[in-house]
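Q: Structure incoming, see below.
The values are calculated or read from the model by the stated rules, or taken from the named source; none is laboratory data. As the structure is a prediction and not an experimental result, all values here were calculated from the model. Don't worry about glycine lacking a Cβ; one is built from the backbone with ideal geometry, like all the others, and counts go over all protein chains shown. Note: accessible area is taken over every heavy atom of the protein model, side chains too, but ligands, DNA and RNA are not part of it. Shrake-Rupley method; radii C 1.70, N 1.55, O 1.52, S 1.80 Å.
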Amino acid sequence: GENVEQHPSTLSVQEGDSAVIKCTYSDSASNYFPWYKQELGKRPQLIIDIRSNVGEKKDQRIAVTLNKTAKHFSLHITETQPEDSAVYFCAASKTSYGKLTFGQGTILTVHP
Amino acid sequence: DTAVSQTPKYLVTQMGNDKSIKCEQNLGHDTMYWYKQDSKKFLKIMFSYNNKELIINETVPNRFSPKSPDKAHLNLHINSLELGDSAVYFCASSLTDDEQFFGPGTRLTVL
């Protein structure tokens, strides 16, 4: 089955810096790669996703890149703010029925 | 409010008891899921139903039994609760192969 590895497990940055979180996946048939943000005590919420027919996608301060050949994808957050502090999860799935395999999560702390 | 809702939010119970968690979505989605988030925050899928049909059943003890009475509801019944069942259980829903929306979670504590 699919295996998703996520690094780093913790990431500490100063406000205004950029943050990058990386994930690798094992199943070359996976074609949907969402990123979820989970604040303390809250539900995971989708912040951005990318499909395998696209190499990069941006939404304001957030971007995701996908390298299908190397089977890795990354989340980039620019101009970080304290409210970006949360646990971030990457995930991967094949087309049918959206079974998501999650990475282990990254605790991002943005210091004011 | 259009959303995925779960009840109860907190559940504290003794080992050996049987308990249920309910999930409802009013988003018109056709697929619903149960995830378990353990103490290390790892999220793992347990079950998925598409149009009331079980389509994903991960390696979960058969003490866990999902039931989907209709497309908008997916309940989780757990028999003979064990200490290791303590976790946060999230329900989610989606249109097939689209963004999954998570419920608020149910924190289960087994004493």
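Q: For the protein assembly as shown, take the alpha-carbon Rg, divide it by the Kirkwood Rh, and send me Rg/Rh.
A: Radius of gyration relative to Kirkwood radius: 0.97.
Q: Using Cα pairs closer than 8 Å and at least 6 residues apart in sequence, work out the relative contact order for chain A, in percent.
A: Relative contact order here is 37 percent.
Q: Continuing with the same structure: Need one value: the accessible area of residue A:12 in square angstrom, 1.4 angstrom probe, rounded to the nearest 10.
A: Result for residue A:12: roughly 80 Å² accessible.
Q: Moving on to the next point. Looking only at A:93, A:18, A:74, which one moves most when chain A is put into a Gaussian network model with springs between Cα atoms under 10 Å?
A: A:18
Q: Let me ask you something else. Sorted from largest to smallest, which semi-axis lengths in Å does the alpha carbon gyration tensor of region A:1-65 give for its equivalent ellipsoid, taking the root of 5 times each eigenvalue?
A: 21, 15, 13
Q: Per-residue mean of other chain beta-carbon atoms within 10 angstrom of the beta-carbon, peptide B:35-45?
A: 4
Q: Order these peptides, B:80-90, A:100-110, A:33-43, by their mean beta-carbon neighbour count within 10 angstrom, highest first.
A: A:100-110, A:33-43, B:80-90
Q: If you don't mind, there's one more thing I want to ask. If you take the charge dipole of region A:24-112 about its Cα centre, with +1 on Lys and Arg Cβ and -1 on Asp and Glu Cβ, which of A:47, A:31, A:105 is farthest toward its positive end?
A: Among A:47, A:31, A:105, the one farthest towards the positive end of the dipole of region A:24-112 is A:31.
Q: Under 19 Å between alpha carbons, and skipping anything fewer than 8 positions from residue B:36 in its own chain: which lysines qualify?
A: Within the straight-line limit of under 19 Å, residue B:36 reaches these lysines: A:37, A:42, A:99, B:9, B:19, B:22, B:44, B:67.
Q: So, one more: Can you list residues from other chains, or at least 5 along the same chain, whose modelled amide H is less than 5 Å from the amide H of residue B:27?
A: Excluding prolines and chain starts, which carry no amide H, the hits are B:3.
Q: How high is the relative contact order of region B:15-60, given as a whole-number percent (alpha carbon pairs under 8 Å, six or more residues apart)?
A: This gives 25 percent for region B:15-60.
Q: At 1.4 Å probe size, put B:9, A:99, B:67 in order of accessible surface, largest to smallest.
A: If we order B:9, A:99, B:67 from most to least accessible, we get B:67, B:9, A:99.
Q: Based on the Cβ-Cβ distance of residue A:109 and residue A:57, what FRET efficiency does E = 1/(1 + (r/R0)^6) give at R0 = 30 Å, to the nearest 0.05?
A: 0.75
Q: Considering every residue in A:35-43, what mean count of other chain Cβ atoms within 10 Å of its Cβ is obtained?
A: 3
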